[in-house]
Structure formats: structure tokens, C-alpha cells
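S.K.: One structure coming up, written as C-alpha cells, with questions to follow.
The values are calculated or read from the model by the stated rules, or taken from the named source; none is laboratory data. All figures in this text were calculated on a predicted structure; none of them were measured in a lab. Backbone-built Cβ (ideal geometry, glycine too); neighbour counts: all protein chains shown. With ligands, DNA and RNA removed, areas are computed over all heavy atoms of the protein, side chains included. Shrake-Rupley method; radii C 1.70, N 1.55, O 1.52, S 1.80 Å.
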Amino acid sequence: MDTLRIDRRVVLVTGAASGIGHAIARACAVEGATVHLADVSDAVHEAAEKLAGAGGGIGSEVGSGSVASHVCDVTDPAAVRALVDDVVTASGRLDVAFLNAGVNGVPSPLQPGGAIDEIPFEAWRRVMDVNLDGLFHCLQHCARVMKRQRSGSIVVTASTAGLRAEPRVSYPYVASKSAVVGLVRQAALELARFGVRVNALAPGPVVTNIGGPGPRPEAAVAEWENSVPMRRWGRPDDVTGLALLLASDDSSWMTGGIHVVDGGASALTQVPSDALPAPIPTPDSGTD
Ligand SMILES: NC(=O)c1ccc[n+]([C@@H]2O[C@H](COP(=O)([O-])OP(=O)(O)OC[C@H]3O[C@@H](n4cnc5c(N)ncnc54)[C@H](O)[C@@H]3O)[C@@H](O)[C@H]2O)c1
């Protein structure tokens with residue numbers, strides 16, 4: 001087996017303007033797929049242009065595939081319906097959907113404003129809107145097409161933060177990604193008899209706009225690195241091998257799985273104790 005069987009496939013990637021989604025779109029283009037990049041940001045057009053040298057050419061067939069870009073907000077069900085219809089109109093079918101768009105941007109419980117009694121409802125809703133409701137809209141419309149085709153592979157970007165409590169990540173992010181895991185399993189159950197597979201990637205900490213050292217204090221960055229047995233943050237390209245496998249026929253008997261790619265971090269049974277906040281003395285303990 002020289003390559004994973006994804007060439008000539010029609011692939012949609014949401015959240016494809018940057019980070020993990022862009023790396024997945026690029027890997028698919030290199031493998032000869034026809035790739036539709038979608039994102040809420042119009043930077044998606046430039047991101048698609050960058051793929052021209054990676055295997056696809058804007059609007060023109062290069063090898064067996066091509067690249068197209070779409071601005072689409074996954075929180076808008078009508079826009080998602082139009083996106084999926086546009087892909088099918090342009091390319092005739094939809095073989096693979098990487099449902100990857102996601103946000104965080106809310107403080108963790110360890111940061112000011114991130115405790116359960118402090119998070120504004122609007123911040124909670126913003127994350128749930130994209131990470132959970134947005135995924136729901138995408139799943140609905142991709143399933144509509146793939147059920148009719150009697151084939152397809154849906155690959156959702158979940159997170160290791162959806163597999164256990166994670167004090168360094170916000171409430172709505174953990175809650176949304178936990179719900180994503182359930183949604184993936186439930187959709188896999190329903191869609192199996194239509195020949196449609198649904199799996200999730202669960203990355204650990206990856207350097208992107210959402211993850212990565214960013215403006216974190218030095219100690220927090222070191223602490224994150226120390227929680228990964230391979231002792232480094234992931235890079236978007238670390239996720240693409242698994243993504244291609246789940247998209248291709250080489251995983252034809254895999255569905256309903258949540259597949260971790262995290263440098264070994266979730267092999268640990270708990271986050272390192274220096275990631276946990278110290279106990280707060282009770283008012284009557286006399287220790288404050
Ligand atoms: N970086 C990490 O450490 C990490 C770890 C686990 C899971 N993830 C998940 O990976 C996925 C990709 O994130 P990333 O880390 O590459 O970050 P990123 O910010 O680089 O990419 C996310 C993309 O989603 C797009 N997006 C946001 N809201 C959208 C909307 N409403 N409609 C359409 N597109 C929208 C953004 O514009 C951006 O291009 C997300 O689902 C994220 O939760 C990231």
C-alpha cells in the first residue's frame with residue numbers, strides 16, 4: 001500500500017483557514033483529493049491559495065484533485081445547508097467531511113472570570129454555539145447527502161479535553177467537546193447501516209490560534225509541556241496522518257471511535273498536580 005486511498009475523493013473541511021483544519025486540507029490536497037475549505041473567516045480564500053502548490057490549483061484540476069474555498073459560519077443552519085449543497089453541485093458528491101471548526105477564548109477555572117460562578121452566559125453560549133450546535137448543523141447536512149449516497153466518512157475534531165476534567169481549559173470548551181463525543185457515537189450508530197462512518201480525532205495540546213503557548217506565563221507553558229510524555233506541544237501536521245486514515249477506505253471497518261493523538265498525555269491517569277489549584281482555607285479554619 002503506497003498511499004491512503006483518498007485521491008479523487010471529494011472532501012469538505014470546516015475551520016480550514018488555519019491550524020488543524022488547514023493542515024488536514026493540505027494533506028488531502030497532497031493526496032489528490034478535491035478539497036473544499038470552509039471557514040467563518042474570509043482568510044479561507046488565502047488559505048486555499050496556499051494549497052495551490054500542495055497538490056491542488058484554485059479552480060483548476062491539478063493531478064486528480066482541485067481546491068475551492070467557501071465562507072460559512074457553522075452556527076447558521078441555512079449557511080451550512082448552502083455550503084453542503086454548493087459542494088455537491090460543484091463536485092457531484094461528498095465523500096469525506098472533516099467537521100473541525102471550533103473556538104474557545106474563555107478563561108479556564110484557574111483564571112480570573114473562569115470559575116463556574118463567574119462565566120458570563122454569553123461566553124458559554126458562544127462556545128457551545130460553534131463547538132456543539134455548529135457541529136450538529138454540519139452533521140445533519142453531511143448526513144443528508146451521505147445517507148443518499150450510501151457512503152461517506154465524517155471525521156469530527158473533538159479534544160482530549162472532552163474525555164476527562166481539565167482544569168486548564170474553560171467550562172464551555174470541556175462541556176462542548178464532551179458532548180461532541182456523544183454526538184459522534186450516536187451518529188455512528190445511526191449511520192452505519194447507510195455505509196456512512198463517523199469518527200472523532202481527539203487531539204491534545206496543539207500549537208494553533210486556540211492552543212499553544214501564546215501569551216501564557218512561562219510556568220504555565222512548561223507545565224503543559226511536562227504533562228505530555230513526548231515533552232512538546234503538538235503541531236497541526238501531527239494530526240494529519242490519523243485524519244487521512246479515518247477519511248480513507250483503509251479504515252473501512254472503523255466507526256464510532258474517538259481516536260486520541262496527544263503525545264501520550266492521556267496515558268497519564270491525572271493531570272500533574274502542579275496544574276491543580278491549592279485548596280482554599282475554610283473561613284473558620286483560622287489559617288487565612
Ligand atoms: N489546538 C488545540 O490544542 C486543540 C486541541 C484539541 C482540539 N482542538 C480542536 O481543533 C479544531 C481546530 O482548532 P485549531 O486548534 O486548529 O484552532 P484555529 O483557531 O487555528 O482553527 C479554528 C478555525 O475554526 C474557524 N471557526 C471558528 N468559528 C467558526 C464558525 N462559526 N464557522 C466556521 N469556522 C469557524 C476559525 O476561523 C479557525 O480558522 C477545533 O475544533 C478545536 O477545538 C484544538
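S.K.: Could you give me D for region 199-238, from Stokes-Einstein at 10 °C and 1.306 mPa s, where the hydrodynamic radius is the Kirkwood radius over C-alpha pairs? Units µm² s⁻¹, please.
M.R.: Values: Rh = 10.7 Å.
D, rounded to a whole number, is 148 µm²/s.
S.K.: Among 226, 174, 245, flag the residue with its Cα farthest along the positive direction of the charge dipole of region 170-288, charges on Cβ as +1 for Lys/Arg and -1 for Asp/Glu.
M.R.: My answer, from the dipole projection, is 245.
S.K.: With a 1.4 Å probe and all protein chains kept in place, how much accessible area does residue 249 have, in Å² rounded to the nearest 10?
M.R.: 60
S.K.: What percentages, rounded to whole numbers, describe P(r) for the chain computed over all alpha carbon pairs with 5 Å bin width beginning at zero?
M.R.: Histogramming the chain at 5 Å steps yields 1, 6, 12, 16, 18, 16, 12, 8, 5, 2, 1, 1, 1, 0, 0 percent.
S.K.: Quick one: ranking 225, 166, 49, 218 by accessible area, 1.4 Å probe, largest first, what do you get?
M.R.: Working: 225 60, 166 20, 49 110, 218 165 Å².
Largest accessible area first, the list is 218, 49, 225, 166.
S.K.: Could you pull out every residue, at least 5 positions away or on a different chain, whose amide H is within less than 5 Å of the one on residue 66? Hs are placed 1.01 Å off N in the peptide plane, and Pro or chain starts have none.
M.R.: Sorted by chain and number, the residues that satisfy this are 34, 35.
S.K.: Measuring from centroid to centroid over Cα atoms, what is the spacing of region 100-151 and region 189-236 in Å?
M.R.: Distance between centres, Cα-based: 16 Å.
S.K.: Let me ask you something else. Over the chain, average the accessible area per residue using a 1.4 Å probe and give it in Å², no decimals. Don't skip to the answer; put the middle values down first.
M.R.: Working: 13670 Å² over 288 residues.
Per residue, the chain has an accessible area of 47 Å².
S.K.: Let me ask something else about it. Leaving ligands, DNA and RNA out of it, report the carbon-plus-sulfur percent of the accessible area of the chain at a 1.4 Å probe. Kindly include the intermediate steps, with their values, before the conclusion.
M.R.: Details: 7410 of 13670 Å².
In the chain, the share of accessible area belonging to carbon and sulfur is 54 percent.
S.K.: Here is a follow-up. If you count only protein heavy atoms and use a 1.4 Å probe, how large is the accessible surface of residue 30, to the nearest 10 Å²?
M.R.: The value for residue 30 is about 80 Å².
S.K.: With 21 Å as the cut-off, how large is the P(r) tail for region 61-174, expressed as percent of Cα-Cα pairs? Let's see the in-between values first.
M.R.: Working: 3008 of 6441 pairs.
Cα-Cα pairs in region 61-174 separated by more than 21 Å: 47 percent.
S.K.: Packing-wise, with mean Cβ within 10 Å as the measure, how do 196-209, 173-186 rank, highest first?
M.R.: 196-209, 173-186
S.K.: Packing-wise, with mean Cβ within 10 Å as the measure, how do 96-105, 82-91 rank, highest first?
M.R.: Numbers: 96-105: 24.6, 82-91: 17.8.
The peptides rank, most packed first, as 96-105, 82-91.
S.K.: Could you state, as a whole-number percent, how many of the C-alpha pairs of region 147-246 are farther apart than 19 Å? Please list the in-between numbers first.
M.R.: Details: 2543 of 4950 pairs.
That fraction is 51 percent.
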